[in-house]
Amino acid sequence: MAASIPHPQAKIDYSKIKTLVCEPSAIIRQGIRLALNHMGVREVKEASTFLAAHKACEEGDHHFLILNKEIEQNDATFIHRDLRVGKLGRDPFILTVMILSSREEPSVRSAMDSGPDDLLLIPFAPDQIMTRLKVLVERRKPFVVTYDYIGPDRRAAPRPGATSATQFHMPNPARAQALSVPQDLYDRQKNDAIPVTFQQTAIQNGDAIPME
């Protein structure tokens, strides 16, 4: 599938990107909002509880999601997994950054395995949010799709003797929005990608290789 709809001369307009911030801390939400506003993002919706986050992800039409892994002692990776497999929300290909308060390996691994585009550890500077969004809009990593993982390919190299899982260049709703790609054109790209994605998740043989 195509990596993106080409607009080589178009200027990226961050003001068109709709963002959802699911974060229990009002101070962190405010810092994120100010950072996004500084780079031009104007529409920033917030959710501070787990139920509000789930509802916002289910009903919203955002292009960029910032999600804390733990909200009210609930594991938000379940929300993110449902987003990626199309059980929740309108677009499984939204750009996502997951926030973590713990640097412990099990917590980081759990977050990575849910398929976010990037991770951000608390505490972080506001400009780190700006940097993450710019990078993801301009050059999103290709995805790997297996029976138990949909997300960016973070492998340094394939496992010795293993067949490498196929990479897919997924639609990028934030980039499409920032480049004023017509919605029907993006929807066709998204709808073309969905059958390929979910067909891969059903594979239960040796070609479906879990992430390292």
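The values are calculated or read from the model by the stated rules, or taken from the named source; none is laboratory data. Just so we're clear, the structure is a prediction, and the values are computed from it rather than from any experiment. Positions of Cβ are backbone-derived with ideal geometry, glycine not excepted, and every protein chain shown enters the neighbour counts. These accessible areas exclude ligands, DNA and RNA; they are computed on the full protein's heavy atoms, side chains included. Shrake-Rupley method; radii C 1.70, N 1.55, O 1.52, S 1.80 Å.
Which of the following residues is in contact with a Leu (Cβ under 6 Å, 6 or more places away or on another chain), at pLDDT 95 or above, within 20 Å of N172 (Cα to Cα) and among the small types (G, A, S): A56, A76?
Details: A76 fails: within 20 Å of N172 (Cα to Cα).
After ruling out the rest, the residue left standing is A56.
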Restricting attention to region 97-112, which residues are within 12 Å of the chain's Cα centre (by Cα) and open to solvent by 10 Å² or more (accessible area, probe 1.4 Å)? M112
Specify which of the listed residues (L133, L119) is more than 22 Å from R42 (Cα to Cα) and either modelled with pLDDT of 95 or more or open to solvent by less than 60 Å² (accessible area, probe 1.4 Å) (or both). L119
Could you check G40 against (1) part of a helix (DSSP H, G or I); (2) surrounded by fewer than 19 Cβ atoms within 10 Å (Cβ to Cβ) and say which number it fails? (1)
Say we look at region 61-96 and pick out the residues that are among the aromatic types (F, W, Y) and not in a loop (DSSP other than H, G, I, E, B); which of these is most open to solvent (accessible area, probe 1.4 Å)? F78
Some residue of region 137-158 being under 17 Å from L65 (Cα atoms), part of a helix (DSSP H, G or I), under 13 Å from the mean Cα position of the chain (by Cα) and modelled with pLDDT of 95 or more: yes
Please list, ordered by first then second residue, the pairs with beta carbon atoms under 8 Å, 6 or more apart or interchain, first in region 21-32 and of a type in the set (A, V, I, L, M), second open to solvent by 20 Å² or more (accessible area, probe 1.4 Å) and assigned to a loop (DSSP other than H, G, I, E, B). A26/S48; I28/I122
Which one of the conditions (1) open to solvent by 40 Å² or more (accessible area, probe 1.4 Å); (2) within 16 Å of the chain's Cα centre (by Cα) does T49 fail to meet, given that it meets all the rest? (2)
Residue under evaluation P8, criteria (1) at pLDDT below 95; (2) open to solvent by less than 10 Å² (accessible area, probe 1.4 Å), criterion not met: (2)
When you check K16 against the structure, is it closer than 24 Å to T131 by Cβ, over 12 Å from the mean Cα position of the chain (by Cα) and modelled with pLDDT of 95 or more, yes or no? yes
